Amino acid sequence: MSTRQLLSRVVVMGRDVDLWLCVNAISRALGPAGVNVTAIELPTRLRPFEVSATLPPLEALHSKLGIKEPTLIRATAGSFSFGQNFVAGFGLGRPLNFFHAWGAYGAGIDGSAFFPCWLKATRYGLKVSFQDFCLTAVAAKNGRMLLPDEATAAFGRTDYGYHVRTMAYAGYLKSIAANLGVKIYQAQKGLVERDETGSIAALIIDGSLRIEGQLFVDATGPDAILIGRSLDVPSDDWRQYFSVDRVLAARAPAFTKTPPFAEIRITGVGWTALHPNQAGTGVRHAYSSEFLSDEAALESASAAADAKLADVSFRTVTTSVRSRVWEGNCVAVGGSACVFDPIHDVDLHALQLGLVHLLSLFPVTGQFAVERAEYNRIMRSHYERIRDFQCAFYAVAPFGGQFWQQARGRSVPQTLAHKIATFRACGQIAPMEDETFSPDSWQAIFVGLGVVPESWPPTIDRIPPHRFNEEFHRTIEFIKGKVLEQPTHDGYLDSIGRSSAA
Amino acid sequence: MGDAIRDDHGSAPFRVVIVGGGTAGWMSAAGIRRQLETQNYSVTLIESDEIGTVGVGEATLPHIKIFNDMLGLDEAQFMRATRATFKLGIQFRDWDQPGDCYIHPFGAFGEPWGGVEFQHHWLRGQREGHQRFSLQDFSYSVVAARNNAFEFPNEDRKSIRSTYSYAYHFDAGLYAAYLRSWAMERGVRRIEGQVCNVSRHPTTGDIKDLTLKSGEHVAGDLFIDCSGFRSLLLGSVMGVAWQDWTHWLPCDRALAVPCKRVGALTPYTRSTARPAGWIWRIPLQHRTGNGYIFSSRFINEGEARDTLLSNLDGAAQGEPRLLRFSPGRRERAWSGNCVAIGLASGFLEPLESTSIYLIQAAVTDLVNLMPRPRSAGVDARLVNEFNRLNEMQYERIRDFLILHYTANRRVGEPLWDYARSMPLPDSLVHKLQLFRSRAALPGHQYGLFARDSWLAVFVGQGIVATGYDRLADAFALSALDERLSEFRNRIQTNVDAMTSHGAFIANFAPAMELANSEAAVA
């Protein structure tokens, strides 16, 4: 291949959502610019009732792909999620309940951010919790949607994600790819054929068919068949930061009323996440094999979910990041690039980040060393900020039990140590580039887990106390009024049409 | 510490002592006074009329308006008092090679289309042969600046007149004096005097008090070093090491002289490259500030003086004044209970008018990370965060400045030959490669400079992007042509309706003395 020619042939090998989101993103954006995408589809690894939770930015990618929200919700038995409700019962040191919302918390007062004002007021006796100042959190906990209007836009972000049936979502994305004219091959396995420079020249699928390409994308998930198994790019282990190494996935019956949020129930041996959608409830139990057998995990998960679990499966999680996510002419996206701790449902978001940056750095010609270097730099930075956020959760979680004690005792990356120290000192979130989670998210997690800053920026001391009271009161009243205007989650799902997939 | 904040009222306030007046000292004093409560923080500033300040005619960045607004300054009054003019950008003459000229505007180039940044569409237009217009033609503020026109930006985001912002040129000495009155009216204590001794805590090394020549002792809890290049407290007393950047930014001297104002009032700073450095031109209402920033390795002072004096618009007002400096920064701007702001913390030549911005950023971070009143001491965690932010600001600006030097085609001139071949910071090499290969721009969220600034200078300095974003190819060429033409027309129609900068100033904020003298003539 001549290196000065426009790069036009992309081959994506993978499975499930990683494969189809990737194929769609590239094909939709670059098809009109003459880029041709071939998909090699490996057998699915999904369980029929597995549920994926998404973060709010996915909506932007969907809209680029021409995906309409109601269609998506119907096709995937989907539901809306305004955040994560964390619950810890008695017997874990202290009972605790907080909501990590995707929307904004509070409104600024006289030019100052809300958080330090709340912090100071709390020190002087305010009893209203941080989450009660979050419009979306209050709406969600009341089983309601939050449909934005001018007033809510002035208040702040009211973002949401989805809970989709993963298999249905992958199938829906595949049908879109087929409509875009993507050439699709099914394969049991693929072999890599390298050229004299070490680049991938072609993939040989099922021992016979040879698929040539100029750029190859590994969307095979944690198997990392191209970048890991074939190109031998190692992973940097993150297990020194995380205790979870095993996840149970299962299905529980649907709730009578579908909660518009995920619930994370803390147990002494890990945590159990419930992801409700129209078809039922996805259950995930995350734990450490050091402290818990799979049988015991099933017991623990059933108790936490308070339900009989079906379709139970287990998988091992090796938190790690590929040391180079773009090697030669092979780019790893999604699970083949980075394996995250499961607690904040970041997998699809990390996949999206990989795709967005791949599109903005998509090679012009066969000479793309600069793009590759930048992609490796920027993806590493994004992945590490997500890692820090997740790591923060375990580092400050106050719960009792072996699992949590071990998690707290682990080392934290230096960037996170600085962030925690700054927050403890004055409640500020040290600003860093390439963050996925907003300062609101960081503050919600820290405050929710009981980290109390010793101080606040002294600039807010010039705001007279009565202004705090007025604004807090106004905000609470505004939230109350807005929430009452909202449709219930189930009512809204009815209005956009229930899923046949349910 | 938790207990200490229980009751902030009723006991002695936390004592902030600022050493040095000038822009840094008075911006710090005013910023702290405005943002922190009087009963919790006292502010004392020590300055000496015997020590001159560096402040010459100063060019600023748009951020200064945020600072002034925070203080609640009246824009017209402030401009009258400091004899200010408006600034839409910086004109770079002869930088890439003699005869070249471009403006780095405070504004956007074109507009994104279909989620793809403008420069890709522009490059494609050029490549495909339908559009020969320079990038400069697609900036509203560039076209306005060329026409010596000025208007306030429009707040309607759909309007092309919302695509730029503005800064000021002003007399920095007058700005400091203006802030001094503002601050002193609000309780900042000014002591006329010079520091002759500094006593430190024997174990912590923190500064306890300052002894002035008069014999007066000034005790404090936090000392802000605004002593300029001397770095009296942070450098001399605390002994924080200097990080030298001369190998990247070789200029180490400046000669400054004002001259009589002649001709139309330009709404931009001018920077003209010369064989051993560059000459600034800053238009104020009553005079024009000029200076030659040069490298003593490549030219002697006498020759530099001649070059400067022979390149003035009007008659020189006095003898050129010499300033010596080294580019670089103190490794930590905050150490113990001493924080340096302004030149005492570091120096970057005024090529992109960043001096006052750096002061402003430091003051903003300082008030947020200021120790609590009645806290036992300075919190090392907050100091670390301040230093992290300060370092980030300096390094980002540094890379941008180096770009102006290294990307040149002034072959045969020793300074410029050196700049082309000097080893660059890795962070800059990477940015250059990305632009060259695909017109990608650095996109960080914090600190200077924004994408359009990098674009202006990359293109202005003659760096050719060999490729552009493939996503741009998804649009029809005829539609692209139409959009580009329509955009230029929109700029032209709007600029044609603008007032001249000179007339705008005369109406909005004529300098006080000038207004009086004109009245006398009438």
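Values for this structure:
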{"read-out": "Size-normalised alpha-carbon gyration radius of region A:227-359, reference 2.2 N^0.38 Å", "value": "1.19"}
{"read-out": "Longest DSSP-loop-exposure-free segment, chymotrypsin sites (Phe, Trp or Tyr not before Pro), chain A, at most 13 other Cβ within 10 Å", "value": "A:125-502"}
{"read-out": "Simple label model, 7 Å out from Cα along Cβ direction - A:Arg229 to A:Asp245, nm", "value": "2.3"}
{"read-out": "Neighbour net charge for B:Pro283 - beta-carbon separation under 14 angstrom, K R +1, D E -1", "value": "+4"}
{"read-out": "GluC sites (Glu not before Pro) restricted to DSSP loop in region B:88-190 with at most 15 other C-beta within 10 Å", "value": "B:Glu128, B:Glu155"}
{"read-out": "Neighbour cut-off at most 13 other Cβ (10 Å), DSSP loop, trypsin sites (Lys or Arg not before Pro), region A:1-79", "value": "A:Arg4, A:Lys68"}
{"read-out": "Simple label model, 7 Å out from Cα along Cβ direction - B:Thr466 to A:Ala254, nm", "value": "5.8"}
{"read-out": "Per DSSP, loop trypsin sites (Lys or Arg not before Pro) in region A:406-435 with at most 14 further Cβ within 10 Å", "value": "A:Arg410"}
{"read-out": "Alpha carbon centroid spacing (whole Å) that separates region A:140-156 from region B:178-235", "value": "52"}
{"read-out": "Among beta bridges that DSSP assigns inside chain A, antiparallel share in %, nearest 5", "value": "70"}
{"read-out": "Region B:9-53-region B:79-139 distance, computed between alpha-carbon centres (Å)", "value": "40"}
{"read-out": "Per residue Cα convex hull volume in Å³ - calculated over chain B", "value": "172"}
{"read-out": "Where N is the number of residues in region A:120-255, Cα Rg divided by 2.2 N^0.38 Å", "value": "1.70"}
{"read-out": "For region A:363-502, convex hull volume per residue from C-alpha positions, Å³", "value": "274"}
{"read-out": "Cross-link pairs A:Lys482/B:Lys65; B:Lys87/B:Lys431; A:Lys64/A:Lys419; A:Lys174/A:Lys482 - those with Cα-Cα distance over 31 Å", "value": "A:Lys482/B:Lys65; A:Lys64/A:Lys419; A:Lys174/A:Lys482"}
{"read-out": "Kirkwood-type radius of chain A, with distances r between different C-alpha atoms, in Å", "value": "23.9"}
{"read-out": "Spin-label model distance (nm) - B:Ala479 vs B:Asn507, 7 Å beyond Cα toward Cβ", "value": "4.1"}
{"read-out": "Backbone N under 20 Å from the B:Glu395 label point (7 Å along Cα→Cβ), restricted to region B:315-335", "value": "B:327-335"}
{"read-out": "Inter-chain Cβ neighbour average for residues B:470-476, partner chain, 10 Å", "value": "6"}
{"read-out": "Size of electric dipole in region B:253-346: Cβ of Lys, Arg +1 and of Asp, Glu -1, about Cα centre, debye, nearest 20", "value": "200"}
{"read-out": "Estimated FRET transfer efficiency when R0 is 22 angstrom, pair A:Lys189-A:Asp236 (beta carbons, to 0.05)", "value": "0.25"}
{"read-out": "10 Å Cβ neighbours from other chains, averaged over peptide A:359-371", "value": "5"}
{"read-out": "Debye intensity ratio I(q)/I(0), log10, the protein assembly as shown, q values 0.05, 0.08 Å⁻¹ (C-alpha model)", "value": "-0.36, -0.93"}
{"read-out": "Over region B:16-148: Rg over Rh, Cα atoms, Kirkwood Rh", "value": "1.14"}
{"read-out": "Longest exposed-site-free window of chain A, the sites being GluC sites (Glu not before Pro) in a DSSP loop that have at most 14 other C-beta atoms within 10 Å", "value": "A:1-195"}
{"read-out": "Most positive-pole-ward Cα, A:Phe115, A:Phe99, A:Ser63, against dipole of region A:62-212 from beta carbon charges", "value": "A:Phe99"}
{"read-out": "Values of log10 I(q)/I(0), in the order q = 0.12, 0.22 Å⁻¹, for region A:301-388 under a Debye, Cα-only, solvent-free model", "value": "-0.45, -1.04"}
{"read-out": "Rounded to the nearest 20 debye, dipole of region A:213-289 from Cβ charges on Lys, Arg, Asp, Glu", "value": "500"}
{"read-out": "Spatial separation of Cα centroids for region A:191-230 and region A:1-45, in angstrom", "value": "13"}
{"read-out": "Qualifying lysines (Cα of each under 22 Å from Cα of A:Lys480; at least 8 residues distant if same chain)", "value": "A:Lys127, A:Lys141, A:Lys257"}
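FYI, it's all coordinate maths here, none of it is from the lab. These figures come from a predicted structure and were not determined experimentally. Virtual Cβ from ideal backbone geometry, glycine too; neighbours counted across all protein chains shown.
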